[in-house]
Amino acid sequence: MPSVASITQAEEVQKTSPEQAIPLYQSILAAAGTDATARGDQEVALLKLAQCYRDLHRPNELAALIHDSRTLITSIPKAKTAKIIRTLIDYFSEIPNTLPLQIDVCKQTIQWTIQEKRIFLKQALETRLIALYLDNKMYSDSLALVATLLKELKKLDDKMVLVEVQLLESRVCHALRNLPKSKAALTSARTSANAIYCPPLLQAALDMQSGILHAEEKDYKTGFSYFYETLEGYSSLDDPRAILALKYMLLCKVMLNLSDDIQAILNSKVALKYRGVEVEAMKAIAVAHQNRSLQEFEQALATYREELGNDPIIRNHLASLYDKLLEQNLVRVIEPFSRVEISHIAEIIKLPAQQVEVKLSQMILDKTFHGVLDQGAGCLVVFEETPIDKTYESALDTMKNMANVVESLYEKASKLT
């Protein structure tokens, strides 16, 4: 069996030099042979050649391979075909800056599945395409495809793919800040998931999205519980997304002003193996918040820019936390004064005077404290909080009670006559 020998030889060469293994795999794919053994070797060669292109970062060759392998794929059983094509397309995700090409390849392959009338493979690829649109921030395209695909899936009653699509719809709506629709889609996904066996990875993804939406509503306690479930789910399968769940858990504790609990979480058995720069970034934020120090907070954001700035969920919550911390610091600084220069406040708090002025005006409008900005003199004038006169409220309550008494007496008088 020369092809088996060739496969073994190519695999050995691939370990040391993927470049030299490419022609060996190409020769196996080009070799004639219709028996089961030859087809099996060609399947292996196809995936191994794709791995070589992935490792050498050659996306165009990988795209050409997916296109040229269609003849071979048509001779493979349909169940196996779906797995091979999804694997080949997933290889793109490990090559940087290939998202547009990955979308094009996915679209072309979907057109091919329509011609071949492979409905289930088409739906699986369209689900993958929705995720790619989401990653590429093509939200309108995502929602259009979701609407079409949901109609098809409900007719076929394919619950597993239905859960995935509804979860993706929830993620797209969340990215568009349409939280009510995002919650509705997630509820639908959970309802569909309850009717089937939900694989651990999909269940963890559902828990992750639930935690994110609860955190958006400032319900960090419930969000923490969901993120903990997510961490356990991903950790049991050694999925790299577990570190993200751990970061969100720590974020919830910081937002709840329970920074003391962070060390206990990091010392737990599940979290120990994920210690690294991602966790250190969240610890730096927790320490800055605990010390109520804007300088330390900004220093942490600058030091761990990649770990904290690239994730939109963490970035949004930290912006809210920074705003809250700035308010607390400003209130503490202006508390002893009735009139103070804005430049003096900026000097104490070590921030630009313009930024301080904008924030003070916002706080006055929000009625965080009573005062006015005297821009001509560059000063903040703070007023004492006047006690609320409750005379009017008391008078209204008395009149309301009197009205009730009069009505009651009138009813009793009516019964007597």
Relative contact order (percent, whole number), the chain, Cα cutoff 8 Å, 6+ residue spacing: 5
Roughly how tilted is helix 139-156, in degrees to the nearest 10 and between 0 and 90, from the longest Cα axis of the chain? 70
The answer for trypsin sites (Lys or Arg not before Pro) in the range 70-136 that fall in a DSSP coil and have at most 12 neighbouring Cβ atoms within 10 Å is LYS117
Built amide H within the under 5 Å cut-off of CYS379, gap 5+: ILE342, ASP374
By a straight-distance test (C-alpha under 19 Å), which lysines pair with LYS390 as possible cross-link partners, with residues fewer than eight away in the same chain excluded? LYS400
Two-site label geometry, ILE364 and GLU19: point separation in nm, points 7 Å out along Cα→Cβ: 6.8
Please give the charge dipole size of the range 204-244, origin at the Cα centre, charges +1 on K and R Cβ atoms and -1 on D and E Cβ atoms. Round to the nearest 20 debye. 120
Roughly how much of LEU258 is accessible, in Å² to the nearest 10, using a 1.4 Å probe? 70
Counting every C-alpha pair in the range 145-205, the percent lying more than 16 Å apart is 40
At q = 0.14, 0.15, 0.21, 0.22 Å⁻¹, the log10 of I(q)/I(0) for the range 269-382 from a Debye sum over equal Cα scatterers comes to -0.64, -0.71, -1.11, -1.18
Could you work out the per residue convex hull volume over the alpha carbons of the chain, in cubic angstrom? 257
With every protein chain left in place, what is the accessible area of ARG171 in Å² (1.4 Å probe, nearest 10)? 100
Calculated FRET value between ASN316 and SER338, using beta carbons and R₀ = 35 Å, to 0.05: 0.45
From the backbone phi of the range 387-393, what are the Karplus-calculated ³J(HN,Hα) couplings (6.51 cos²θ - 1.76 cosθ + 1.60, θ = phi - 60°) in whole Hz, Gly and Pro given as x? x, 6, 7, 8, 4, 5, 4
Could you work out Rg/(2.2 N^0.38 Å) for the range 228-313, with Rg from alpha carbons only? 1.06
Taking the alpha-carbon set of the range 324-417, what are its Rg and Dmax in Å? 24.4, 80
Run the Debye formula on the Cα coordinates of the range 123-236, all scatterers equal and no solvent, and tell me log10 I(q)/I(0) at q = 0.10 1/Å. -0.27
Karplus-derived 3J(HN,Hα), 6.51/-1.76/1.60, for each residue of the range 243-255, Hz, glycine and proline x: 5, 5, 4, 5, 4, 5, 4, 5, 4, 4, 5, 5, 5
Any chance you could look up the accessible area of CYS198 with a 1.4 Å probe, heavy atoms only, rounded to 10 Å²? 20
With the cut-off at 20 Å, tell me which of the pairs LYS151/LYS181; LYS15/LYS83; LYS80/LYS122; LYS181/LYS324; LYS122/LYS159; LYS324/LYS359 have Cα atoms farther apart than that. LYS15/LYS83; LYS181/LYS324
Determine ³J(HN,Hα), in whole Hz, for all residues of the range 164-169 in sequence, where each value follows from phi through the Karplus function 6.51 cos²θ - 1.76 cosθ + 1.60 and θ = phi - 60°; x replaces Gly and Pro. 4, 5, 5, 5, 5, 4
For the peptides 391-403, 224-236, 312-324, what is the packing order when you average, over each peptide's residues, the other Cβ atoms within 10 Å and list the highest mean first? 224-236, 312-324, 391-403
Nearest 500 deg cm²/dmol is fine: what mean residue ellipticity at 222 nm does the chain get from its DSSP H runs of n ≥ 4 alone, each adding -39,500 (n - 2.57), divided by its residue count? -24500 deg cm²/dmol
Assuming R0 = 56 Å, what is the FRET efficiency of GLU152 and ALA302, from their Cβ-Cβ distance, to the nearest 0.05? 0.70
Rounded to two decimals, what is Rg over Rh for the range 267-306 when you use alpha-carbon atoms and the Kirkwood radius? 1.06
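The values are calculated or read from the model by the stated rules, or taken from the named source; none is laboratory data. Remember, it's a predicted structure, so these values are computed and weren't measured experimentally. Cβ sites come from the backbone with ideal geometry, for glycine too, and all protein chains shown count toward neighbours. Surface areas here come from the heavy atoms of the whole protein model, side chains and all, with no ligands, DNA or RNA. Shrake-Rupley method; radii C 1.70, N 1.55, O 1.52, S 1.80 Å.
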